[in-house]
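Rule-based calculations on the coordinates, nothing more; no lab input. All values derive from a computational prediction rather than experimental measurement. Cβ sites come from the backbone with ideal geometry, for glycine too, and all protein chains shown count toward neighbours.
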Amino acid sequence: QKAQWAVLKNKATITADGQAIELGANIGTPKDIAGVLDNGGEAIGLYRTEFLYMGRDQFPTEDEQVEAYSSVLKGMKGKPTVVRTLDIGGDKELSYLELPKELNPFLGLRAIRLCLEMPDMFRTQLRALLRASVHGNLKIMFPMIATLDEFRQAKALLLEEKAKLQAEGVAVNESIEVGIMVEIPSTAVMADTFAKEVDFFSIGTNDLIQYTMAADRMNESVSYLYQPFNPAILRLVKMVIDASHREGKWTGMCGEMAGDEIAIPILLGLGLDEFSMSASSILKARSQISKLSKAEMAQHTDHILALSNSQEVEDYVTKLANN
Ligand code: PEP
Ligand code: MG
């Protein structure tokens, strides 16, 4: 099987009925690029920049960040590269950043909330991204967006830093797409409104499932509620994809679900444009997708979304995947 997949390494991802899909990789550091290209990745769908901030005793400087982002962009040689701005807080801490203890860290000051609370830190990252942007096909993505207002604030800071850099004579890529992660139910529900202002969506199912089901993704005692195939999740996914397409935008998925062979057929049927997963899953997914008809998968979606619970959906999509 490995040998069969290997021939797909430099091929595009095309469904059996001729539809192009983008298969990207999730990475944590510039060192991961070799593995992405080696596994035939067409894009980076999620670069988790928080690792650049972790395991050290002070913030990375602007120049250090420019170096990391540039090396990723150069390494990807013009292929789409989605860089997520700092997603710290929740379970991820920085030793050098004292934050108030919270009763519910996952519902607290994390990700974009923290960045908007600490604009100097955020501006440094945005400047570094803008300076690096000339080296490739950069797309900037904000994590944990709950309201349109947060997106507007974050984008305004980005545009301010861009204008400052340009006034300093620094070259900046003019075609950077700016998108958001959809990992909070309010944002999925409001996707039609967001779609008028964002360039793209990427669905973060790891968090979207925990917030939709109100079940901590790390808590064993409620893990039975952590249901990727709950119809509620798939209905939210559909809302986001449909809303993006009505505005001519695209939707990806960078949560674990995107790389799950049981989930891939239904996600294809729902119209997902980009799947981002661990690099080691890409060739297998390409092989699977090449045998699936998107139009045929789409015919199953109404039925699946009308099922009443996770088990029914899982049974149905398992059959779809094994056909
Ligand atoms: C997600 O929430 O699905 C996601 C991709 O982000 P993280 O796992 O880093 O929270
Ligand atoms: Mg997340």
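Once the Cα-Cα distance is subtracted from the 0.36 nm per residue extended length, the Ala156 to Glu102 segment shows a gain of 16.6 nm. Amide H contacts of Met253 (H built 1.01 Å from N, in plane; Pro and chain starts excluded): Ile203, Glu274, Phe275, Ser276 sit under 5 Å, all sequence-distant by 5 or more or on other chains.
Overall shape of the chain was characterised from the C-alpha gyration tensor. The equivalent ellipsoid obtained from it has semi-axes of 31, 24, 18 Å, in decreasing order. Between the Cα long axis of helix 294-305 and the first principal axis of the chain there is an angle of about 90°, rounded to the nearest 10.
Sorting the Cα pairs of region 31-148 by distance into bins of 10 Å, from 0 upward, gives 13, 44, 32, 11, 1 percent per bin. Taking neighbour counts of Cβ atoms within 10 Å as a proxy for exposure, in what order, fewest first, do His303, His245 appear? In increasing order of surrounding Cβ atoms, one gets His303, His245.
Against the chain, whose longest principal axis is taken from its Cα atoms, helix 119-132 shows a tilt of about 70°. Relative to the longest principal axis of the Cα atoms of the chain, the long axis of helix 62-75 lies at roughly 40 degrees.
Evaluating kT/(6 pi eta Rh) at 20 °C and 1.002 mPa s, with the Kirkwood radius of region 121-174 over Cα pairs in the Stokes-Einstein relation, gives 183 µm² s⁻¹. Between Asp242, Asp207, Asp302, the Gaussian network model of the chain with springs among Cα atoms under 10 angstrom shows the greatest mean-square fluctuation at Asp302. Within region 63-164, the trypsin sites (Lys or Arg not before Pro) that combine a DSSP coil assignment with at most 10 other C-beta atoms in a 10 angstrom radius are Lys101. Could you work out the relative contact order of the chain? I mean the mean sequence separation of Cα pairs under 8 Å and 6+ apart, divided by the number of residues, in percent. Over the chain, the number comes to 20 percent.
Taking amide H positions as modeled 1.01 Å from N, with prolines and chain starts lacking one, the residues under 5 Å from Lys139 and 5 or more places away or on another chain are Thr81, Val82, Val83. Across all directions, the average flat footprint of the convex hull enclosing the Cα atoms of region 159-279 is 9.3 nm².
Amide H to amide H distances under 5 Å link Ala43 with Ala25, where only residues 5 or more positions off or on other chains count and H is placed in the peptide plane.
The simple spin-label model puts a point 7 Å past each Cα toward its Cβ; for Ala295 and Ala167 those points are separated by 5.5 nm.
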